[in-house]
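Engineer: Okay, here's the structure, questions in a sec.
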Amino acid sequence: QVQLVESGGGLVQPGGSLRLSCAAPVSIFDINTMGWYRQAPGKERELVAHISRIGITSYADSAKGRFTISRDNAKNTVYLQMNSLKPEDTAIYYCNIIVGLTYYWGQGTQVTVSS
């Protein structure tokens, strides 16, 4: 079982910023796509952003212009810089990696945007 270690969630005021991190075991080679999903109460889990091994990125419309995804292949770590946060960004954020045809998920980290 692959364990992904997430960090960086918390409580922030509207307009604030947070940076999420997710580290996969360095023993894993050939991680393809790394990404972030989120799930708000009463809603389905949705893709926020993902990044390919060579750095090609894709964002949900709600994240464009405010969030930036990046990765460090040497550390098997993916980051999500979130700026200009809004109350509607409140959710549990889950890290996801794809190795071959297998998906792995982090345990989730809570992000709450509230004044």
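Engineer: Could you please give the count of residues in the range 52-70 that are assigned to a strand (DSSP E or B), open to solvent by 40 Å² or more (accessible area, probe 1.4 Å) and either of a type in the set (V, I, T) or in contact (Cβ under 8 Å) with a residue 12 or more places away in the chain (or both)?
Structural biologist: So the answer is 3.
Engineer: Check the range 94-103 and report whether any residue there is touching a strand residue (DSSP E or B) at 6+ places or on another chain (Cβ under 9 Å) and loosely packed, with under 14 Cβ neighbours inside 10 Å.
Structural biologist: Checking the range 94-103: at least one residue is touching a strand residue (DSSP E or B) at 6+ places or on another chain (Cβ under 9 Å) and loosely packed, with under 14 Cβ neighbours inside 10 Å.
Engineer: Filter the range 19-39 down to residues that are part of a loop (DSSP other than H, G, I, E, B) and not acidic (D, E), then give me how many there are.
Structural biologist: Number satisfying all stated conditions: 6.
Engineer: Still on this structure, please answer the following. Which condition number in (1) more than 10 Å from the chain's Cα centre (by Cα); (2) open to solvent by less than 30 Å² (accessible area, probe 1.4 Å) is the one that G35 fails?
Structural biologist: Result: G35 passes all but (1).
Engineer: For the list (1) open to solvent by 50 Å² or more (accessible area, probe 1.4 Å); (2) under 22 Å from G10 (Cβ atoms); (3) of a type outside the set (K, R); (4) out of contact with any helix residue (DSSP H, G or I) (no Cβ under 9 Å at 6 or more places or on another chain), I need the number of the one condition that S114 fails.
Structural biologist: (4)
The values are calculated or read from the model by the stated rules, or taken from the named source; none is laboratory data. The model shown is predicted, which means the values in this text are computed figures rather than measured ones. Cβ: placed from backbone, ideal geometry, glycine included. Neighbour counts: every protein chain shown. Quick note on the areas: whole protein, heavy atoms, side chains included, nothing else; ligands and nucleic acids left out. Shrake-Rupley method; radii C 1.70, N 1.55, O 1.52, S 1.80 Å.
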